[in-house]
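FYI, it's all coordinate maths here, none of it is from the lab. Predicted, not measured: the structure shown is a model, and the values here were computed from it. FYI the Cβ positions are ideal-geometry reconstructions off the backbone, even for glycines, and counts take in every protein chain you see.
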Amino acid sequence: MSKEFTVSQVQEHNSKTSVWIIIHNDVYDVSSFLNEHPGGEEVLLEQAGKDASENFEDVGHSSDARELMVKYKIGTLVASERKPEIRKKADPASWGENTDSSQSSFKSWILPIALGLLATVVYRVYFMS
């Protein structure tokens with residue numbers, strides 16, 4: 001079983017000597033990774049003691065980076081303080097999932113068809129008369 005931490009416990013680790021961050025409800029001790037981080041230690045120090053999930057995803061880390069994270073994981077947040085997971089639309093892992101697909105697929109093809117019909121009408125009006 002994984003060790004559980006509270007957000008306040010993670011917040012205590014916000015100095016250069018002890019850097020803990022939260023990513024997707026998991027707690028990581030990245031203190032020993034500061035000098036190795038490709039983006040520089042400042043990036044990690046800015047997130048020390050905080051939930052860095054959004055920033056982590058915004059950067060678009062590779063699968064190699066995600067695999068490397070495993071060695072720095074020290075636990076998870078206690079259940080009462082976990083945030084619900086929300087996958088980004090651009091997340092390839094969520095492609096093909098059936099999440100309100102009938103409405104989203106309708107929206108994804110209606111605009112191109114409408115533009116095609118409009119272009120056809122404009123073409124016929126101006127070039128066929």
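Listing for the model above:
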| item | result |
| --- | --- |
| Over segment 4-81, relative contact order from alpha-carbon pairs under 8 Å, at least 6 apart, % | 42 |
| Cα-Cα P(r), segment 4-81, percent of pairs per 5 Å interval | 3, 17, 29, 29, 15, 6, 1 |
| Antiparallel bridge percentage (DSSP; both residues within segment 4-81; nearest 5) | 75 |
| Local electrostatic count at MET69 - Lys and Arg +1, Asp and Glu -1, tallied over other residues with Cβ under 13 Å | -3 |
| Spin-label model distance (nm) - GLU4 vs HIS37, 7 Å beyond Cα toward Cβ | 2.8 |
| Long-range HN-HN contacts of HIS13 with modeled amide H, under 5 Å | TRP20 |
| Inter-label distance, nm, simple model (7 Å from Cα along the C-beta direction), VAL78/ASN55 | 2.5 |
| Spin-label model distance (nm) - GLN11 vs PHE127, 7 Å beyond Cα toward Cβ | 6.4 |
